[in-house]
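Remarks on the structure that follows.
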Amino acid sequence: MRILLVEDDKMIGDGIKAGLTKLGFTIDWFTDGLTGKAALDSAPYDAVILDLSLPGMDGMQLLREWRQAGRDTPVLILTARDALEQRVGGLQAGADDYLCKPFALVEVAARLQALNRRRHGVITPKVTHGGIEFDPAPAA
């Protein structure tokens, strides 16, 4: 999956990019809202990880503009804004999911996979071709 990451915190961005890359994701990382907006306009992405407190353009404004323009790319808000009204506001503004910092990277990956499955109408993460079956979910 190709993911657009818009996150201004260098430590968090580095950790997300390194961790998700190890899990098989392709990550394009931008550190401000205006550059993130231009990135989504210039390349196809399977999903977006969006921080809300960004220089240049706030993440909520960015999300609203994407949705008003008809962009349906799934968006996972990943932010320190954890008040109930902020979470509800983010979802009502068009986010597909909302996760507060601090977070576990494995949960971010699982949420991205779930967003992608829903976008493509797939109920299970299993892929079957002939007699071969691949299930990326870890065994319980």
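Key figures for this structure:
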quantity	calculated
Residue match in segment 8-15 (condition: within 22 Å of LEU105 (Cβ to Cβ), out of contact with any Pro (no Cβ under 8 Å at 6 or more places or on another chain), crowded, with 18+ Cβ neighbours inside 10 Å and without any contact (Cβ under 8 Å) to a residue 24 or more places away in the chain)	yes
Subset of segment 25-59 [open to solvent by 40 Å² or more (accessible area, probe 1.4 Å) and touching a residue at least 40 places away in the same chain (Cβ under 8 Å)]	PRO44, ASP46, SER53, PRO55
PHE103, sole failed condition from (1) surrounded by fewer than 19 Cβ atoms within 10 Å (Cβ to Cβ); (2) assigned to a helix (DSSP H, G or I)	(2)
Scope segment 73-89; condition closer than 22 Å to TRP29 by Cβ and either acidic (Asp, Glu) or within 13 Å of the chain's Cα centre (by Cα) (or both); matching residues	THR73, PRO74, VAL75, LEU76, ILE77, LEU78, THR79
Meets criteria (at pLDDT 95 or above and aliphatic (A, V, I, L, M)) for LEU40	no
Checklist (1) among the charged types (D, E, K, R); (2) over 11 Å from the mean Cα position of the chain (by Cα); (3) within 22 Å of ALA114 (Cα to Cα) applied to ASP14, failing item	(3)
Selection count where residues are touching a Ser or Thr at 6+ places or on another chain (Cβ under 8 Å) and among the aliphatic types (A, V, I, L, M), scope segment 39-49	3
Pick from segment 65-90, criterion closer than 15 Å to GLY33 by Cβ and of a type in the set (Gly, Ala, Ser), ranking: most open to solvent (accessible area, probe 1.4 Å)	ALA69
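The values are calculated or read from the model by the stated rules, or taken from the named source; none is laboratory data. Just so it is clear, the structure is predicted and the values come from calculations on it, not from any experiment. All Cβ positions, even for glycine, are placed from backbone atoms using ideal geometry, and neighbour counts span all protein chains on display. Calculation scope for accessible area: heavy atoms of the full protein, side chains included, ligands and nucleic acids excluded. Shrake-Rupley method; radii C 1.70, N 1.55, O 1.52, S 1.80 Å.
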